[in-house]
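Written out below as structure tokens is the structure these notes cover.
The values are calculated or read from the model by the stated rules, or taken from the named source; none is laboratory data. This structure is a prediction, so every number in the text was calculated from the model and none was measured. Ideal geometry is used to build each Cβ from the backbone, glycine not excepted, and the neighbour counts take in all protein chains shown.
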Amino acid sequence: MLVIPAIDLERGRSRVVFWPGASTGVGAPTDRPDVIAARFVEQGAPMIHVVDFDGARRRAPAALDAIGAIASRVAVPLQVAGGLESADAIRLVFAAGATRAVLGMETVDQPGTVRECVAVAGDWLAVGLDPRPERLAAFPWRRPSAPTLPELVGELTRLGVRRVVLAHGGLQPDAELLSSLVRTYDVDVLVAGGASDVGGIRRLRDAGVAGVVLGEALLSGAIDFSAALEAAA
């Protein structure tokens, strides 16, 4: 299972200051996303996940310069989320240096848009979903009733999507549900915010999850990156 460091971008900077030596006073804090990404890649990160918060608010990419700075500094795949709701938006972040794109949940009720995005990004496309039942029920669906998570994943795979990113908002994910999704559908399941310790990482690994995306937990030092890599192996 991949352990993927995440950097939340706001006004071109990381929302969380990274200072790996804070407890000993070694090194210097930084909110530069390219520096943070490079540090994690040096430690073995196989990919970097970037969330464009300004883009999510504007519903269009807003961190192209920061994405370009990261892409020019690291030689691993760069996965971008936030503000991606169309094929043109994906083209923009790819031109800036991204190699993977995560569509917002707003697109799941728009099969035509999803097909267009698959045509642009192919296997490098993912769709972000909030798997919590109450969030699914509250989402403004264009259909008569709210679908279940398995129903959504099934729909997306039939449209050509081969990767989903499930955001858990800090809550422990349902390992049995994750395992069922992995067994049932031809899709890579990534979990964002679903582990608060190495035990949580092991549970995701054992469920067959393809990757865990960790942001503040890694940047704050709550989870040691080398220990996370070992737990995921």
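For the reader, a short list of remarks on this structure follows.
- The lone exception for Val209 - which of (1) hydrophobic (A, V, I, L, M, F, W, C); (2) in contact (Cβ under 8 Å) with a residue 60 or more places away in the chain; (3) surrounded by fewer than 22 Cβ atoms within 10 Å (Cβ to Cβ) it fails: (3)
- Count of residues meeting criterion [crowded, with 18+ Cβ neighbours inside 10 Å, more than 17 Å from the chain's Cα centre (by Cα) and hydrophobic (A, V, I, L, M, F, W, C)] in region 168-205: 1
- Residue that is surrounded by the most Cβ atoms within 10 Å (Cβ to Cβ), among those in region 78-110 that are within 16 Å of the chain's Cα centre (by Cα) and at positive phi: Gly82
- Selected residue (criterion: nearest to Val164 (Cα to Cα)) from residues of region 101-149 that are touching an Asp or Glu at 6+ places or on another chain (Cβ under 9 Å) and among the small types (Gly, Ala, Ser): Ala126
- Scanning region 46-83 for residues that are in a loop (DSSP other than H, G, I, E, B) and farther than 17 Å from Arg11 by Cα gives Pro46, Met47, Val74, Ala75, Val76, Pro77.
Okay, residues lined up against (1) in contact (Cβ under 8 Å) with a residue 60 or more places away in the chain; (2) touching a helix residue (DSSP H, G or I) at 6+ places or on another chain (Cβ under 8 Å); (3) of a type in the set (Phe, Trp, Tyr); (4) not in a loop (DSSP other than H, G, I, E, B):
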residue	(1), (2), (3), (4)
Arg135	no, no, no, yes
Trp141	no, yes, yes, no
Ala146	no, yes, no, no
Leu166	no, yes, no, yes
Glu176	no, no, no, yes
Ser180	no, yes, no, yes
Gly194	no, yes, no, no
Ala222	no, yes, no, no
Ala228	yes, yes, no, yes
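- The residue of region 215-227 that is surrounded by the most Cβ atoms within 10 Å (Cβ to Cβ), among those that are in contact with a strand residue (DSSP E or B) (Cβ under 6 Å, 6 or more places away or on another chain) and within 18 Å of Pro77 (Cβ to Cβ), is Leu218.
- Any chance Glu106 is assigned to a helix (DSSP H, G or I) and either without any contact (Cβ under 8 Å) to a residue 12 or more places away in the chain or of a type in the set (Asp, Glu) (or both): yes
- Candidate set from region 1-57 (those that are over 19 Å from the mean Cα position of the chain (by Cα) and small (Gly, Ala, Ser)); member that is modelled with the highest pLDDT: Ala28
- On inspection, Leu218 qualifies as under 22 Å from Glu10 (Cα atoms) and in a helix (DSSP H, G or I).
- Looking across region 63-77, the residues that are buried (at least 24 other Cβ atoms within 10 Å of the Cβ) and within 15 Å of Met47 (Cα to Cα) come down to Ile67, Ile70.
- In the set Val114, Val80, only one residue is of a type in the set (Val, Ile, Thr), modelled with pLDDT of 95 or more and within 21 Å of Glu216 (Cα to Cα); that residue is Val80.
- Consider region 111-121 and keep the residues that are surrounded by fewer than 16 Cβ atoms within 10 Å (Cβ to Cβ) and in contact (Cβ under 8 Å) with a residue 24 or more places away in the chain. The one that is nearest to Arg143 (Cα to Cα) is Pro111.
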